[in-house]
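The values are calculated or read from the model by the stated rules, or taken from the named source; none is laboratory data. All values reported here derive from a predicted model rather than from experimental measurement. Please note: Cβ atoms are built from the backbone with ideal geometry, for glycine as well, and neighbour counts cover all protein chains shown. Surface areas here come from the heavy atoms of the whole protein model, side chains and all, with no ligands, DNA or RNA. Shrake-Rupley method; radii C 1.70, N 1.55, O 1.52, S 1.80 Å.
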Amino acid sequence: MKNKRYLKHSILAVAILLTWIKTYVIYHISFDMKIENFMQQVILFINPLSFLLVIYGISLFFKSVKGRNRYLLITSSILAFILYANVAFYRFFSDFITLPVLFQTSNFGDLGASAAESIYFTDVLYFIDVILLFVAMKWLPNAKEAVIVKPAIRRAYFVLAAAILFLNLGLAETERPQLLTRSFDRELLVKNIGTYNYHVYDIYIQSKSHAKRALADGSELVEVNNYVRSNQAKPNDEMFGTAEGKNLIIVTLESLQTFAVNEEMNGEVVTPFLNELSKDKDTFYFPNFYHQTGLGKTSDSEFLVENGLYPLGNSAVFFTHSGNTYNSMAERLGEKGYFTNVMHANNKSFWNRDMMYNALNVEEFYDVESYDIAEGQAVNWGMKDIPFMEQSVEHMAEMPQPFYSRLLTLTNHFPFHLDEEDKLIPEFDSNSGTLNRYFQTVRYTDEAVKALFDDLKEKGLYENSIIMMYGDHYGISENHNEAMGQYLGKEVTPFESAQLQRVPMFIHIPGSNQGEVVEDVVGQIDIRPTLLHLLGVETSKDMQLGADVFSKDHEEFIVFRDGRFVTDEVVYAGDICYDKETGEETEAEACAPYIERAAEELGYSDEIINGDLLRFYDQKTGNLLIDETTEGK
Ligand code: GP9
Ligand code: MN
């Protein structure tokens, strides 16, 4: 009799089991979660359960069969859709979806080849649980019976769900202390609390940050301001103003990583022009320059360059905070009489650039409409870099001087496709087509940079300009570690992964004769003060977190957006402290003092952005615009 009573709930059990097992299988086949021990495997296994018990358990409140079954089916479909959206997103970004990126769906329309490569016909299998649930509803005799559940039973059921949640959190806490308070890494969150709980947590965090802007009154700026002032680096007198009055040209080298520069691939030189340039008498080359981008990729790097602030950890700041007040480099140079612009042969709305550039006071955006893309001049994501450079320099020739132009290249972008005639070297020979093709597209971009220099010289713009070029972020994700290991000739440990976040940075000042290879640990956050100082612009009152790389006060301490960091002595990655020299694990004390500081630095930056605090700051006087009546509230 008793058994029979429970059997009546079999459709609920079927719904839970199907989604639970499917989720666990998907964890393994679709996400690259590093499971290091048995306990982590257990956590991974149980983590979907508490949420599924609760969400499906709501069906216990339904009195009619139809209503209950419909609820179960709709819930199952929504969960399947959420999980699948994560899978598709992960294929492309190696990350899980966070709420604000859902507003980026307009981007996905532009992804073209990449999107097509990210969705397969066999993906229907990701909805197998919904299909089976539907079949079970037709087939299981009990599924057609209504069940009135006693409140006490229901209570017991939800207590069980809560107990499982606490067990899950408890185990996660032992595996990963302070997971929910300190984590910058979505993978760890999903691994420990599960995809569904993660989304609930994400919604909570997002609403908190929205509330932050509404609640901020500027008083928060006092502490941030103290921090910024005390960490400021005085410009180097010898370098300050060296390039005063010159045009500033910044080239974002799409997906270019330092491992490809000054290196060979199967005997082929990958970046011949950049190699020469790195040794040029007019070039400062930075081989230990790290990207600090998050989900917003190229746009995050632009954000760092313009603002000297970190992008956000859980969203693309170009999308979520384009309504903020900023004191961008474009604005500062605009005040100095520069004509400020960005050139990028892509839709203006990609990464919400059109909106954000307004907020950043960029005067003109030369988007895809400003380029003539002839037959054969487009590949992969759009216009090829070589004709792009040519036409960009034509635009520059028409501009009033001095100008500040940022050029964003595009050809060296995942999935790294090229036309035959543009393949100047053979592919690499690993098991990753992505990495194999990468060397060819990098080689092509190198040719495009050469074309840029030639075109600038031809138009008489070269001598009167300084050219800064940097890699925006990694091009080869950790999904290709095995192939990468083959190329590097060593295993890709968390230490190596962190070191692979190096992207090249060149500052080329024609005629300066001061060039050198600067080995210091520097990052994208440092670009703004460095360039402004070279152009003779004071930044002592600016609300920026980076430091001039030429300054004697520049500290070798670079924080990644996910909380990893690098100093001249250590690399902190995957919760492990490594000796930078040997790549071997070293005592935790060597990293300990920096862990807190890394969080503090990112925290202040987040506070500025989430609270839109620059609206309370006068960058000309350095005064805080705080309403006396609310101060100290
Ligand atoms: C798109 C280009 C590439 O316009 O900036 O964006 P990414 O995917 O590298 O961020
Ligand atoms: Mn990019």
Problem set entry | In order through segment 504-509: 3J(HN,Hα) via Karplus (6.51 cos²θ - 1.76 cosθ + 1.60), integer Hz, x for Gly, Pro | x, 9, 10, 10, 10, 10
Seminar exercise, completed: Counting sequence-distant residues (5 or more places) and residues on other chains, those with an amide H built under 5 Å from that of Tyr617 are Leu625
For this session: Name the lysines eligible as straight-distance cross-link partners of Lys63: C-alpha to C-alpha under 24 Å, and not fewer than 8 places from it in the same chain.
Result: Lys2, Lys4, Lys8, Lys138, Lys144, Lys150
Seminar exercise, completed: Once phi for every residue in segment 40-51 is put through the Karplus expression 6.51 cos²θ - 1.76 cosθ + 1.60 (θ = phi - 60°), the whole-Hz ³J(HN,Hα) values, with Gly and Pro written as x, are 5, 5, 4, 4, 4, 5, 7, 4, x, 5, 4, 5
Exercise. Over segment 351-425, what relative contact order in percent results from Cα pairs under 8 Å that are six or more residues apart?
Worked result: 31 percent
Exercise. Tilt of helix 10-30 relative to the longest C-alpha principal axis of the chain, in degrees (0 to 90, nearest 10)?
Worked result: 30 degrees
For this session: Just tell me which lysines come within less than 19 Å, Cα to Cα, of Lys281; anything on the same chain fewer than 8 places away is out.
Result: Lys246, Lys450, Lys457
Problem set entry | With Cα atoms, 0 to 90° folded angle of helix 297-307 axis to the chain main axis | 50 degrees
For this session: Could you tell me what percent of the accessible area of the chain is made up of carbon and sulfur, with a 1.4 Å probe and every protein chain present?
Result: 56 percent
Seminar exercise, completed: Here the gain from full extension of Ile205 to Val124, 0.36 nm per residue of separation minus their alpha-carbon distance, amounts to 26.0 nm
Problem set entry | Spatially proximal lysines relative to Lys212 (Cα-Cα < 30 Å; intrachain offsets below 8 disregarded) | Lys191, Lys297, Lys348, Lys541, Lys620, Lys633
For this session: Enumerate the amide H contacts of Lys580 below 5 Å, restricted to partners 5 or more residues apart or on another chain; note that Pro and chain-start residues carry no placed amide H.
Result: Val570, Val571
Exercise. With axes computed from alpha carbons, what is the tilt in degrees of helix 195-215 against the longest principal axis of the chain, rounded to the nearest 10 within 0 to 90?
Worked result: 60 degrees
Seminar exercise, completed: Rounded to 0.05, the calculated FRET efficiency for the beta carbons of Ile131 and Glu556 at R₀ = 45 Å is 0.20
Problem set entry | Extension reserve of the Glu369-Asn464 stretch, reckoned as 0.36 nm per residue once the Cα distance is removed | 31.4 nm
For this session: Please work out whether segment 398-531 counts as rounded, prolate or oblate from its C-alpha gyration tensor, where a ≥ b ≥ c are the square roots of the eigenvalues and a/c under 1.5 means rounded, while otherwise a/b larger than b/c means prolate and anything else oblate?
Result: oblate
Exercise. Rounded to the nearest 0.05, what FRET efficiency is calculated for Gln514 and Glu394 with R0 set to 25 Å and r the Cβ-Cβ distance?
Worked result: 0.25
Seminar exercise, completed: With a ≥ b ≥ c from the Cα gyration tensor eigenvalues, square-rooted, and the rule rounded for a/c under 1.5, otherwise prolate when a/b > b/c and oblate otherwise, the chain is prolate
For this session: Mind ranking Phe96, Phe166 by accessible surface for me, highest first, 1.4 Å probe?
Result: Phe166, Phe96
Exercise. Quick one: accessible area per residue over the chain, 1.4 Å probe, rounded to a whole number of Å²?
Worked result: 42 Å²
Exercise. Which listed residue (Leu407, Met265, Ile128) has the Cα farthest towards the positive end of the charge dipole for the chain, taking +1 on Lys and Arg C-beta and -1 on Asp and Glu C-beta about the Cα centre?
Worked result: Ile128
Exercise. Between segment 581-616 and segment 389-452, what is the C-alpha centre distance in whole Å?
Worked result: 34 Å
Seminar exercise, completed: With the dipole of segment 247-309 defined by +1 on each Lys or Arg Cβ and -1 on each Asp or Glu Cβ, the option from Gly308, Leu253, Thr293 whose Cα lies farthest towards the positive pole is Gly308
Exercise. For segment 438-503, what mean projected area does the convex hull of the alpha carbons give, in nm²?
Worked result: 5.5 nm²
Exercise. Once amide H atoms are built 1.01 Å from N in the peptide plane, which residues 5 or more positions from Arg406, or in another chain, come under 5 Å H to H?
Worked result: Ile250, Asn341, Val342, Met343
Problem set entry | Karplus-derived HN-Hα couplings along segment 154-169 (A = 6.51, B = -1.76, C = 1.60, θ = phi - 60°), whole Hz, x at Gly and Pro | 4, 4, 4, 4, 6, 5, 4, 4, 5, 4, 5, 4, 5, 4, 4, 5
